[in-house]
Amino acid sequence: DRPSLVLGIETSCDETAAAVVLREPDGAGRILSSIVRTQWEQHRPFGGVVPEIAARAHVECLDLIVRDALREADAGLDDLTAVAATTGPGLIGGLIVGAITGKALALARGLPFIAVHHLEAHALTVGLTEGVRPPYLLLLVSGGHTQLLIVHGVGVYERLGTTIDDALGEAFDKTAKLLGLGLPGGPAVEKLAQRGDPRRFDLPRPMLGREEPHFSFAGLKTAVRRTAEKLTPLSEQDAADIAASFQAAVAASVADRCARAMELTVARLDPLAPRRFVVAGGVAANTQLRAALSELAAARGFSFHAPPVSLCGDNAAMIAWAGAERLAEGLTDQLDAKVRPRWPLDLNAAPAIGA
Ligand code: KG4
Ligand code: ZN
């Protein structure tokens, strides 16, 4: 067994990214390079990501970013073991750009191509950054997804809960818009909330106490909008207080849902399996959420793990790593692999161990 060197490509939304990751035969990982170029400037005038603009921007810069990632890793194409690219879920134009580029490089050098599920990459990032291996309970919170999953192994995911309406990242982005903050919304809300009073507004804590660990954020969003409308024109302090109250409601609701998922996880997993709780995805960068979840984990006897903030948002190191993990399991794809704008993660879920 030799170490594998994998080039990863990420173009599923508004970040163009390439990275080179090394995976040792024992499962240890190391990032040799990771380049992320965001397109926020191009989308900002429209108040959200415009798919057509995103796809064109990926075309314009992806080749150069791949070149730079290889240079920074001090690697040539001939040093690579495989090429991995995100093939879904995401915006179809961008996915096509990344998939075609990855396939072309693999074809040119006769390398295996790995079609990576974007959420699987978020899900496995802690293996690269913290050395955390399955099984673990995962809260996956991004711009488009909010899910609780048991990660049984690479490619084996069991979904416990999901959102019945908006994704958590979406709720942050909509709140940001309401408060007149720019893109990206999540970090802007978090920053403003630091100066606010989280107790000033009593916003709903959605789904509290519900049996199934599902989420809902539409009602909270409406409450935020009503609160903001009543106070219009908003002072700086009003906006900060709304942001802080919103974050407090989110943290309480999410922690309650995760507590329920922890109970289910304990019932599902082997009693001797370590109890691990992982949070990943763009929203996992939120300091207050991390603190609330870390506290919850400690209270419930789970260890708590999250990728470093720089690897919570979209990047290609996680794509290269997911590719390396799949390669180690012998899971490679053909060059006719499809891009899949919609692609559920728990498709291959196997029954839980001991169930
Ligand atoms: O995983 P990600 O980078 O892209 C997707 O796959 O969707 O997640 C992006 C989402 C956005 O909604 C963004 O506002 C949110 O993550 N986000 C945050 C923070 N940083 C990014 N939300 C709350 N607090 C943050 N610090
Ligand atoms: Zn993502």
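The set of residues in the stretch 328-345 being of a type in the set (Asp, Glu), in contact (Cβ under 8 Å) with a residue 24 or more places away in the chain and surrounded by fewer than 16 Cβ atoms within 10 Å (Cβ to Cβ) consists of 329 alone.
If the requirement is being polar (S, T, N, Q), within 12 Å of residue 98 (Cβ to Cβ) and within 16 Å of ligand 2 (Cβ to nearest atom), which of these qualifies: 11, 38? Within the list 11, 38, the selection yields 11. Pairing residues of the stretch 299-313 that are of a type outside the set (Gly, Ala, Ser) with residues that are surrounded by 24 or more Cβ atoms within 10 Å (Cβ to Cβ) and in a loop (DSSP other than H, G, I, E, B), at Cβ distances under 7 Å and at least 6 apart in sequence or on separate chains, gives 312/281. Here residue 154 fulfils each of the conditions (1) in contact with a helix residue (DSSP H, G or I) (Cβ under 9 Å, 6 or more places away or on another chain); (2) surrounded by 24 or more Cβ atoms within 10 Å (Cβ to Cβ); (3) closer than 24 Å to residue 31 by Cβ apart from (2).
Looking only at the stretch 35-52, which residues are at pLDDT below 95 and acidic (Asp, Glu)? Within the stretch 35-52, just 41 meets the criteria. Could you please find all residues in the stretch 107-141 being among the acidic types (Asp, Glu) and surrounded by fewer than 19 Cβ atoms within 10 Å (Cβ to Cβ)? If the condition is that a residue be among the acidic types (Asp, Glu) and surrounded by fewer than 19 Cβ atoms within 10 Å (Cβ to Cβ), then 130 is the only one that fits. Listed by first and then second residue, the pairs linking a residue in the stretch 196-213 that is aliphatic (A, V, I, L, M) to a residue that is assigned to a loop (DSSP other than H, G, I, E, B), with Cβ atoms under 9 Å apart and 6 or more places separating them unless they lie on different chains, are 207/164; 207/213; 207/214; 207/216. Just one residue in the set 15, 24 is in contact (Cβ under 8 Å) with a residue 12 or more places away in the chain, surrounded by 18 or more Cβ atoms within 10 Å (Cβ to Cβ) and among the acidic types (Asp, Glu); that residue is 15. Take residue 102 and tell me if it is under 20 Å from residue 16 (Cα atoms) and either among the aliphatic types (A, V, I, L, M) or within 15 Å of ligand 2 (Cβ to nearest atom) (or both). Answer is no for this residue. Mind checking which residues of the stretch 55-114 are touching a residue at least 12 places away in the same chain (Cβ under 8 Å), β-branched (Val, Ile, Thr) and farther than 16 Å from residue 33 by Cα? Listed by number, the residues that qualify are 59, 86, 87, 92, 96, 97, 101, 114.
The values are calculated or read from the model by the stated rules, or taken from the named source; none is laboratory data. Every value quoted in this text rests on a predicted model; they were computed, and no experiment measured them. Reconstructed Cβ throughout: ideal geometry from the backbone, glycine too, with neighbour counts over all protein chains shown.
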